[in-house]
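A.B. asks: The structure's right below; bear with me while I get my questions together.
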There are 2 protein chains.
Amino acid sequence: MGDNFTVNMDEFLPLRDVVFNTLRRAILTGELKPGERLMEIHLANRLGVSRTPIREAIRKLELEGLVTMIPRRGAEVAQITEKSLQDVLEVRRALDALCVELACDRITSDEKEALKNACDEFEKATATGDVTTIAGADVALHDIIVRATGNQRLIQLINNLSEQMYRYRFEYIKDEKGHDNLVNEHRMIYESILQGDKEKAAEAARLHIDNQEQSIIRQIRLEREQQLRKKK
Amino acid sequence: MGDNFTVNMDEFLPLRDVVFNTLRRAILTGELKPGERLMEIHLANRLGVSRTPIREAIRKLELEGLVTMIPRRGAEVAQITEKSLQDVLEVRRALDALCVELACDRITSDEKEALKNACDEFEKATATGDVTTIAGADVALHDIIVRATGNQRLIQLINNLSEQMYRYRFEYIKDEKGHDNLVNEHRMIYESILQGDKEKAAEAARLHIDNQEQSIIRQIRLEREQQLRKKK
DNA sequence: GTACAATCCTTTGTATACAAAATGCAATTA
DNA sequence: TAATTGCATTTTGTATACAAAGGATTGTAC
């Protein structure tokens, strides 16, 4: 069992939030796999707390769609189907487009500067070839754009939707041939925002999502095939 | 205190879900007012359950944004500010447009029939002038469109965002001059979907939201003025 | 060997008990 | 009179206890 599955006591939060963050992280990184049962006493012992904060954390994960409740049987990690992912991406496509459009109107000069830096950093990161570094730079870049909208609700929703695909992030970055596409897509978005060209920015954002979709769906089909082969 | 603030024992659900639905309803109808504290023992006594299900329900409301947690002080009903509502509407505008676009592509002939009926029903409802009836017909109409997308995630998100504005629904329906606008807007959306004209449908949906925004914002400003006057 | 049934064990659902923090109030002092 | 300190009360945060439901296992009968 992985060793990063522990409570982070540095945090000065109610236990339920610590547990919530811990479990969520474990699910998104794939440490807790789809279909796996979340048993309260088990988790409580493992995390060194009582069942109460565990239960409260599960209630939040339930609403977030990361776990599904089965009556009288408890929680299990939500299955990701191809359909559910397409649903998520369909929504993200619209919201990401909205995001860059709003960013065109509202981005400050400071944020423009930060965006430029993040773009350069991303290009550097791809040069290293290290997947973790690239993923980090990618998140940083998107974060700046999302925050530039100034719309709290939008920020929250996009973050939540992005999370649903976190498990596939690594594969998706590895998958992209030489990362050149990725760099270009980012640069296109970045430049459109600087120019304040909403239409172009939205189109670039949609293209970006579409390419991710291709790559992730391919990944899912691969995984499913492997699972089927295993069963036989 | 209102008397529809009771648990509905007909439901065959865990108490936490019954409590969740009850509290949510109370918040959305305005029975629990923004800023009002949600005290656990108090609620527990009132609903005739222990604190545990109350707490679990509050965790879900917290994630849904209907209550805000203050550390070591508990939950209170979330304040609705003009900004937060504009944020919500900005997102809904994009998602409603997406909705009707998808509906154009995916609506079945059965659903077309249902849509036509709902549209007629709405027109009849406006004729009665009864706000509750109109609101009901409005929800029914929108529901059909949203469900026609076949996108579970989108359905869930739109429902959640709509809820945030439930408190203002009545005022907004009353506000619309003679309801003629409302009927026309609906008919425009309905016809565009039947014709499969995505562009027109999206534009109509956006207009529909924009008009609601106008009306709701006006309402909020009115309320705020009244509050200010009270304080003096 | 298979099917069915009784029993046990696990796990959730709910209630309650206890500890710690925060708030409000009162008393005392400057 | 105003301010501050200390105490009491309230309320949350966490743990634990108890009940009921489900599932699994074992034993028995055919």
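Readers should treat all values here as calculations from the given coordinates under stated rules, not as data from a laboratory. Predicted model, so just to flag it, every value in this text is computed and none were measured. Cβ: placed from backbone, ideal geometry, glycine included. Neighbour counts: every protein chain shown.
A.B. asks: Suppose every Lys and Arg Cβ carries +1 and every Asp and Glu Cβ carries -1, with no other charges. What dipole size does the protein assembly as shown come out with about its Cα centre, to the nearest 20 debye?
C.D. replies: 1780 debye
A.B. asks: Roughly how tilted is helix B:51-64, in degrees to the nearest 10 and between 0 and 90, from the longest Cα axis of chain B?
C.D. replies: 40 degrees
A.B. asks: Rounded to the nearest 0.05, what FRET efficiency is calculated for B:His42 and A:Arg229 with R0 set to 45 Å and r the Cβ-Cβ distance?
C.D. replies: With a Förster radius of 45 Å, E is 0.20.
A.B. asks: Once the Cβ-Cβ distance between A:Glu123 and A:Asn159 is put in as r, and R0 is 22 Å, what FRET efficiency do you end up with, to the nearest 0.05?
C.D. replies: Result of the calculation: an efficiency of 0.35.
A.B. asks: Another one. First select every other residue whose beta carbon is under 9 angstrom from the beta carbon of B:Glu82; then total the charges, Lys and Arg +1, Asp and Glu -1.
C.D. replies: +3
A.B. asks: Given an 8 Å cut-off on Cα distances and at least 6 residues of separation, report the relative contact order of the stretch A:15-77 as a percent.
C.D. replies: Dividing the mean separation by the residue count of the stretch A:15-77 yields 42 percent.
A.B. asks: Using the alpha-carbon atoms, what tilt in degrees (0 to 90, nearest 10) does helix A:180-195 show relative to the longest principal axis of chain A?
C.D. replies: The two axes meet at around 60 degrees.
A.B. asks: Here's a follow-up. Which residues does a label at A:Arg73 reach in the stretch A:21-36, if reach means a backbone N under 14 Å from a point 7 Å past the Cα toward the Cβ?
C.D. replies: A:35-36
A.B. asks: Something else: With bins 20 Å wide starting at 0, give me the P(r) of the protein assembly as shown over every alpha carbon pair, in whole percents.
C.D. replies: Final binned percentages: 21, 54, 24, 0.
A.B. asks: If you filter the stretch B:41-107 for trypsin sites (Lys or Arg not before Pro), then keep DSSP loop positions with at most 13 other Cβ within 10 Å, what is left?
C.D. replies: Listed in order of number, the matching sites are B:Arg72, B:Arg73.
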